[in-house]
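Everything on this sheet refers to the single structure shown next.
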Amino acid sequence: MKASKPKASSSTTTKHNYLNLIGGHWQPAAGGATFKNRNPADTSDLVGTFPASTVKDVDAAVRAAREAFKTWRLTPAPKRAEILYRTGTLLAERKEEYARLMTREMGKVLDETRGDVQEAIDTAFYMAGEGRRMFGQTTPSELQSKFAMSVRMPVGVIGMIAPWNFPMAIPSWKLFPALVCGNACVIKPAEDTPLSTLNLVQTLMDAGLPPGVVNIVFGFGPEAGAPLVEHPGVDAVSFTGSSEVGRMVGQTAAGLFKPCSLEMGGKNAMIVMDDADLNLAVEGALWGAFGTTGQRCTATSRILLHKKIAGKFTRELVKAAEKLRVGNGLNDGVQMGPQVNQQQVETSERYIKIAREDGATLETGGKRLTGKAHANGYFFAPTIFSGVKSKMRIAQEEVFGPVVALLEFKSFEEAVEIANGISYGLSTSIYTRDVNRAYRAMRDLEAGITYVNAPTIGAEVHLPFGGVRKTGNGHREGGTTALDFYTTWKAVYVDYSERLQRAQIDTGE
Ligand code: UN1
């Protein structure tokens, strides 16, 4: 199949009324309903109106994907990869435009939205390379004149449900490996960040992706997400979001025998030993806890401090947090944007109350920002609790906001025990100059990711991403590990002996 030539980004609709993409056509939801996407830094700024899809739209999208899969699976992987490569190039050209739109719909500061687009670019180029690898194995057969190999086959149609905190990067982690492996996709972006996924998919189309290979249905979980998981035409489901919703997705998928990849929450610990470079650790903590307004599943939400340095570290961190400039992420010099919506602010508020009732000490923050510059947005002050004990809810439950808990320990062993004493297991970090301790941490911290002398955020696209326990269900995004979810193994035997050879029985020759 010939991919069409890249062309300039074509507008999907007029006047910011955006549409679903089904079988290559931009169209409204069958029921005609829409929802509004507003700027969380200034809710009077309407980013656009999007279709509120239902089961009918999901059904149409899945049918379109099934149809497109018939030819896409036969397109040679290196050709599929060329489209991804062109997508990477086009995304690089559009990086600034897409980053600005992303800050407008999601809130995080421009540096970070540029990073988000960059993560999609990196994934495009990395997965384009897989088009000429995607290795299987050949292995000797136990019988004469017989050839044995294993090959990766596409799974079929993948249903994808994406979160709002990395509105382009995370959809790219799902779409690009799925596409290079020969699958067709239906994606439901988060209702808070539909435009960034639309921009990503528009770029794929501009790079020559055939119609129907990727379809978008906008809308909400119960009306659009659930029917996607349940649809008999969907062969596998990839979900990133909360553990609460992930459990429902996983249970539904299990009942239908669908492979299902779940990437969910975290309560990520940074351990600061008494021999750490304290300035470096404070800088890392500030970035890990308040970058993306704490709205990363990898956010540094617990900082475990050796008692010898706890006082000094706390004072320095509080000082630095109070200096953070919170505001509209499009403005120069702003370091932390708003939370994404009212519900997230309420969650932060709820946890402030819980932490206080449980006996933690509020060092700074703890409230919504309502001054003139913050009046129209969902701004929350960078918040630090000290005196936190491991059993407290603020040390156990994910807040997904700019709220960090400081705990103290007396020995490395105790620090590891506290770090591991949670129901999640995504990311961990240790600051130390002792190489032996660093290696022991790499061995003993129970999580999908461990950083040494860096905070808990900052995963790169060519390594496995995911975690243990309530964080995931055993799959990984990123790296070659992503291919394991988007392909299914087939063992192939070719007998060229021209006689019946019975495995395990005809072993004498
Ligand atoms: C997330 O935390 O939700 O590792 C994804 C990071 C980013 C991706 C984070 N590259 O922090």
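The figures follow:
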item: Residue within region 287-305 that is without any contact (Cβ under 8 Å) to a residue 40 or more places away in the chain and either out of contact with any Ser or Thr (no Cβ under 9 Å at 6 or more places or on another chain) or surrounded by 18 or more Cβ atoms within 10 Å (Cβ to Cβ) (or both) present; result: no
item: Residue within region 470-478 that is under 27 Å from ALA281 (Cβ atoms) and assigned to a loop (DSSP other than H, G, I, E, B) present; result: yes
item: Matching residues in region 43-60 - criterion: being surrounded by fewer than 17 Cβ atoms within 10 Å (Cβ to Cβ) and part of a strand (DSSP E or B); result: THR43, SER44, ASP45, LEU46
item: Some residue of region 393-401 being surrounded by 15 or more Cβ atoms within 10 Å (Cβ to Cβ), within 16 Å of the ligand (Cβ to nearest atom), within 23 Å of the chain's Cα centre (by Cα) and on the phi > 0 side of the Ramachandran plot; result: yes
item: Some residue of region 428-442 being among the aliphatic types (A, V, I, L, M) and within 13 Å of the ligand (Cβ to nearest atom); result: no
item: Selection count where residues are under 27 Å from the mean Cα position of the chain (by Cα) and part of a helix (DSSP H, G or I), scope region 365-386; result: 0
item: Matching entry among GLY233, GLY246 (being within 15 Å of the ligand (Cβ to nearest atom), modelled with pLDDT of 95 or more, closer than 19 Å to TYR486 by Cα and outside the structural domain of VAL404 (by TED's automatic domain parsing)); result: GLY246
item: Matching option when the condition is surrounded by fewer than 18 Cβ atoms within 10 Å (Cβ to Cβ) and within 25 Å of the chain's Cα centre (by Cα), among THR89, THR71, THR113; result: THR89
item: All positions within region 261-288 that are hydrophobic (A, V, I, L, M, F, W, C) and more than 26 Å from ARG247 (Cα to Cα); result: MET270, ILE271, VAL272, MET273, ALA276, LEU278, LEU280, ALA281, VAL282, ALA285, LEU286, TRP287
item: Residue that is within 16 Å of the ligand (Cβ to nearest atom) and outside any strand (DSSP E or B), where the choices are ASN165, ASN199; result: ASN165
item: Filtered residues of region 183-195 (kept if assigned to a loop (DSSP other than H, G, I, E, B) and surrounded by 24 or more Cβ atoms within 10 Å (Cβ to Cβ)); result: ASN183, PRO189, ALA190, THR193
item: Filter result for GLU413 (farther than 25 Å from ARG315 by Cβ, within 16 Å of the ligand (Cβ to nearest atom) and of a type outside the set (Val, Ile, Thr)); result: no
item: Within region 258-278, considering residues that are touching a Gly at 6+ places or on another chain (Cβ under 7 Å) and within 16 Å of the ligand (Cβ to nearest atom), the one nearest to ASP434 (Cα to Cα); result: MET270
item: Considering residues of region 286-309 that are away from the ligand (no atom under 13 Å from the Cβ) and charged (D, E, K, R) only, the residue nearest to PHE400 (Cα to Cα); result: ARG302
item: Selected residue (only one of ALA124, ALA148, ALA178 is among the small types (Gly, Ala, Ser), surrounded by fewer than 24 Cβ atoms within 10 Å (Cβ to Cβ) and away from the ligand (no atom under 14 Å from the Cβ)); result: ALA148
item: Filtered residue count, region 378-392, keeping only those that are farther than 22 Å from ASN341 by Cβ, out of contact with any Asp or Glu (no Cβ under 7 Å at 6 or more places or on another chain) and either in contact (Cβ under 8 Å) with a residue 12 or more places away in the chain or surrounded by 24 or more Cβ atoms within 10 Å (Cβ to Cβ) (or both); result: 4
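Residue by residue, here is whether (1) in a loop (DSSP other than H, G, I, E, B); (2) among the acidic types (Asp, Glu) holds:
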position	(1), (2)
ALA355	no, no
GLU363	no, yes
VAL388	yes, no
GLY401	yes, no
VAL404	no, no
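Residues checked against (1) of a type outside the set (Ser, Thr, Tyr); (2) within 16 Å of the ligand (Cβ to nearest atom); (3) under 22 Å from ASN453 (Cβ atoms):
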position	(1), (2), (3)
GLY284	yes, yes, yes
GLY311	yes, no, yes
LEU317	yes, no, yes
ASN328	yes, no, no
PRO338	yes, no, no
VAL345	yes, no, no
TYR351	no, no, no
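The values are calculated or read from the model by the stated rules, or taken from the named source; none is laboratory data. The structure displayed is predicted, hence computed values, not measured ones. Reconstructed Cβ throughout: ideal geometry from the backbone, glycine too, with neighbour counts over all protein chains shown.
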